[in-house]
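Contents: one structure, followed by commentary.
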Amino acid sequence: MTETCPRCKGTKVIRGYACPGFRLVEMPCIDCGGTGEVDDVRRLWREHGATLKVFRTSRDMSLGEASRWIGVRPSEWSDAEHGRTDPGELLGRVQQKAIGDIRGKARL
């Protein structure tokens, strides 16, 4: 099952300014790959990625702090948070790290 892409609203492209010349450009949407639709898997990625953002922001952690805390690049955390990649592995790392912190192995 598919739904309209929330980023491009089904237009299949995103628009932005680019260099040189600070000109308006169009490129295929990065969320749907230019199809205008996302499938159930991508929808779940976005929902679970939102969980990562809630976790991070509720602890007043920056993207850099959160990514260092579990040992990934900030771009990996950002991609998972926005549903561009499967956030499952990061969610697992966060759970393991949080459990370790609760047990007193590390300080959050």
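Applying a 4.7 Å Cβ-Cβ cutoff to the chain, the cysteines left without a disulfide-compatible partner are Cys19. Listed values for region 22-30 are Karplus-derived 3J(HN,Hα) couplings in whole Hz (6.51 cos²θ - 1.76 cosθ + 1.60, θ = phi - 60°), namely 6, 10, 6, 10, 10, 9, x, 4, 7, and x replaces Gly and Pro. Charge dipole (Cα centre; +1 on Lys/Arg Cβ, -1 on Asp/Glu Cβ; no other charges) of the chain amounts to roughly 400 debye. Extent of the chain along its three principal axes (Cα atoms, max minus min coordinate, largest first): 51, 39, 19 Å.
Tell me, what is the percent relative contact order of the chain, built from C-alpha pairs under 8 Å that lie six or more residues apart? Relative contact order of the chain: 21 percent. Number of Lys-Lys pairs in the chain with C-alpha atoms under 26 Å apart and a separation of 8 or more places or on different chains: 5.
From the residues Gly33, Ser62, Cys19, which one has its Cα farthest along the dipole of the chain in the positive direction, the dipole being from +1 and -1 charges on Cβ of Lys/Arg and Asp/Glu about the Cα centre? Comparing the listed Cα positions along the dipole, Ser62 ranks first.
Every read-out reported here was derived from the displayed coordinates using simple, explicitly stated rules and does not represent laboratory data. Worth saying up front: this structure is predicted, and the values here are computed from it rather than measured. With ideal geometry, Cβ positions are generated from the backbone for all residues, glycine too; neighbour counts draw on all protein chains shown.
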